[in-house]
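In what follows, a single structure is set out as structure tokens and then discussed.
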Amino acid sequence: MKLTFHGADQGVTGSCHLLQVAGKRILVDCGMYQGSHELTEENRRDFGFDPASIDYLFLTHAHLDHCGRIPLLVKRGFRGEIITTSATRDLARLVMLDAAGLQEEEAEYQKRRARRRGRKPDASMEPLYTTVDVLDSLDCFGRRARYDEAIELAPGIRVTFIDAGHILGSAALLFELNDQGQRHRLLFSGDLGFAGRPILRDPEHPPRVDTVVMETTYGDRRHKKLKPSVEELYEAINKTLGRGGNVIIPTFALERAQEVLYYLREGVESRRLEHFMTIFLDSPMAISATEIFARHPECYDENMKDLLSQGKDPFAVPGLHFTRQTADS
């Protein structure tokens, strides 16, 4: 067995780990570097391995720093199978298409800018990948994994997806390996959620293993308790509306936007928020992500399932409007 890190080793983005075992070459994640200009330029460099040599790619979840270089991997020769949960597959398509669109827009802007200055556009202005590249990469997505159901990948390689509670469809990966009589249990944590959040189940406790490859994005700090944070949100909304103001809530389109909708609905139903608010979800990506959430109740916690059994839509806040078009925004 050999394990090599090709990303998320000097920082927290660009997750990409290569496991070589029992004659197979397996990637865990293939994410985009994000942050400074220097970091984003890392995305254009060689992977450090031949993409065509990879047999399988296991995707832990659909955040861009874990899935964002998959189209580039395929563009450079990967023809193996990508295995992930059904929810992650749907979200990854959305996330990668959005990333391609943004890159194409930025590339056109940089080229126009260069021409205005009398310079010829160069290769550095080209997008890392295009919408067509993303659509091509979707052909490599194969089996849809289910939580806690082992996949017999090859003789001596067994893989199980364990609910990580991070975002919809997220998973830790348990590899049970037997390489020439040497048995080893290896766990990739992926990104981990924390207990007590709405919508998703709490992270599942993994079994005992020999080796853990673990994320540490927030390893040096404590999160505030959730309930006081929600009460602060309600207080800020009521105070602002009471003064005749408008509330703007900047939030990530994936997971966090859905949590905000959940708590807004809960606040209205419990009369801790005004009943007659007008609410705009002003993000095409957040709207699409919310629709994907609705298609994957298999990821929900018991409270969400109870709401559904009562005929309630957990994200249907009274007065909610979806804003997809720039002109409407």
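At a glance:
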item	result
Over the chain: helical MRE at 222 nm, DSSP H runs n ≥ 4 each giving -39500 (n - 2.57), nearest 500	-9500 deg cm²/dmol
From phi via Karplus (6.51, -1.76, 1.60), per-residue ³J(HN,Hα) for segment 125-134 in Hz, x at Gly/Pro	8, 6, x, 4, 7, 10, 4, 4, 4, 4
log10 of Debye I(q)/I(0), alpha-carbon scatterers only, for the chain at 0.07, 0.11, 0.12 Å⁻¹	-0.33, -0.79, -0.92
Under Karplus coefficients 6.51, -1.76 and 1.60, residue-wise ³J(HN,Hα) of segment 68-80 in Hz, glycine/proline x	x, 9, 4, x, 5, 4, 5, 4, 9, x, 5, 9, x
Spacing of the two label points (7 Å from each Cα toward its C-beta) at Glu108 and Thr40, in nm	1.7
Rel. contact order, % - alpha carbon contacts under 8 angstrom, at least six apart, segment 162-222	34
Alpha-carbon centroids, segment 255-280 and segment 5-64: separation in whole Å	38
Antiparallel DSSP beta bridges within the chain, as percent of all bridges there, nearest 5	65
For segment 130-235: relative contact order, % (alpha-carbon pairs under 8 angstrom, 6 or more apart)	18
Within segment 145-219, percent of DSSP bridges classed antiparallel, to nearest 5	80
Relative contact order, percent, the chain [alpha-carbon distance under 8 Å, six or more residues apart]	12
Listed residue (Gly14, Asn43, Ile26) projecting farthest to the positive dipole end of segment 1-52, Cβ model	Ile26
Ordering of 262-269, 4-11 by burial proxy (mean other Cβ atoms within 10 Å per residue, highest first)	262-269, 4-11
Segments 112-121, 312-321 sorted - mean Cβ within 10 Å per residue, highest first	312-321, 112-121
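We did not get these values from a lab; they are worked out from the coordinates using the rules stated. What you see is a predicted model; the values in this text were computed from it and never measured. Don't worry about glycine lacking a Cβ; one is built from the backbone with ideal geometry, like all the others, and counts go over all protein chains shown.
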